[in-house]
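The structure appears below as structure tokens.
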Amino acid sequence: MIDATEALDAETVFAGIVTQLSDLQWNPGMTGPQAFGAMKQVLLLRNLVDHHATPLTGEMDRLGVADHKTTRLRELLISMGFAPSVAGRYVRVAATGDIDLLLAHAADGSISSEHADAIVRGLAHIDTRCPEPMDTVQRCEFLRKLLSHYFAGFTPAEINLYARQLGNELAAETPGGLPAAEDKKINSYSDRITDDGRLEISANLDIVAGEKTRTLMETLSAPKPQPDGSP
């Protein structure tokens, strides 16, 4: 058992856990209920590992482990072997404040990093939709609403949709708020080169930028006849 009152060497603690898990031998005669119970514990363990990775990411940032002039923290995590999506989650959650309630649930392994990240991104979206910065009480209330959806069994994608609904309602109720179709602050765009060398684009834009982008893409994508008139 780990004595929490001692100053612990995190690397040593986790190395010990890794050794124990590496040496674990399954009982070939386990029953279905035993396998189910073991899987529940594996889920808790996975959630706890992700939970501890989040503050470690914050510590790496605070200590300047990544030289931001040449390497961003996300890129450093990727170079260590983390998948890009996982590295992005760690960085986002670590950089978000006023989420003590969320972290408290994550601390006992009851919430996955995917759901925690969906809640964090949902809060960021709601905050962006508000014409004025939200105070701590408002953020806590929205955090509770998003958490309640997690405990009701909603998926990360469904939590994101719910956050957009809450953001729309907040914008409609707040002086100076804009309809989602007109709000440029929530525009997003990403692209990547596919394995076969094509450009894959994803965007979520306000109606004006969307129409301009669609017109441009239709123009650029339309087949152009050759000088001799052939297609």
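The values are calculated or read from the model by the stated rules, or taken from the named source; none is laboratory data. All figures in this text were calculated on a predicted structure; none of them were measured in a lab. Heads up, the Cβs are rebuilt from the backbone with ideal geometry, glycines too, and the neighbour counts pull from every protein chain shown.
Residues in region 175-197 that are loosely packed, with under 14 Cβ neighbours inside 10 Å and in contact (Cβ under 8 Å) with a residue 40 or more places away in the chain: 175, 176, 185.
Of everything in region 162-174 that is aliphatic (A, V, I, L, M) and buried (at least 17 other Cβ atoms within 10 Å of the Cβ), the residue that is farthest from residue 117 (Cα to Cα) is 171. The listed residues are 75, 114, 59, and the only one of them that is assigned by TED's automatic domain parsing to the domain that holds residue 133 and not aliphatic (A, V, I, L, M) turns out to be 114. Residues of region 146-161 that are surrounded by 17 or more Cβ atoms within 10 Å (Cβ to Cβ) and hydroxyl-bearing (Ser, Thr, Tyr): 150 alone. Just one of the listed residues (97, 64, 88, 58) is part of a loop (DSSP other than H, G, I, E, B) and either modelled with pLDDT of 90 or more or in contact with a Leu (Cβ under 8 Å, 6 or more places away or on another chain) (or both), namely 64. The set of residues in region 68-82 being assigned to a loop (DSSP other than H, G, I, E, B) and either buried (at least 17 other Cβ atoms within 10 Å of the Cβ) or modelled with pLDDT of 95 or more (or both) consists of 81, 82.
Scanning region 141-157 for residues that are more than 20 Å from residue 101 (Cβ to Cβ) and assigned to a helix (DSSP H, G or I) returns a single hit, 157. Taken over region 185-231, the criterion of being polar (S, T, N, Q) and within 29 Å of residue 125 (Cβ to Cβ) is satisfied by 187, 188, 190, 194, 202, 204, 213, 215. Looking at 124, 171, just one residue is over 15 Å from the mean Cα position of the chain (by Cα) and under 29 Å from residue 207 (Cα atoms), and that residue is 171.
Inspect region 30-44 for any residue being outside any helix (DSSP H, G or I), more than 23 Å from the chain's Cα centre (by Cα) and surrounded by fewer than 17 Cβ atoms within 10 Å (Cβ to Cβ) and give the result as yes or no. So far as region 30-44 goes, yes, one or more of its residues are outside any helix (DSSP H, G or I), more than 23 Å from the chain's Cα centre (by Cα) and surrounded by fewer than 17 Cβ atoms within 10 Å (Cβ to Cβ).
Quick one: in region 106-130, of everything that is in a loop (DSSP other than H, G, I, E, B) and among the aliphatic types (A, V, I, L, M), which residue is surrounded by the fewest Cβ atoms within 10 Å (Cβ to Cβ)?
Result: 107.
Within region 131-140, the set of residues being part of a helix (DSSP H, G or I) and more than 16 Å from residue 96 (Cβ to Cβ) comprises 137 only. Listed conditions (1) small (Gly, Ala, Ser); (2) surrounded by fewer than 17 Cβ atoms within 10 Å (Cβ to Cβ); (3) in the same structural domain as residue 152 (by TED's automatic domain parsing) are all met by residue 10, apart from (3).
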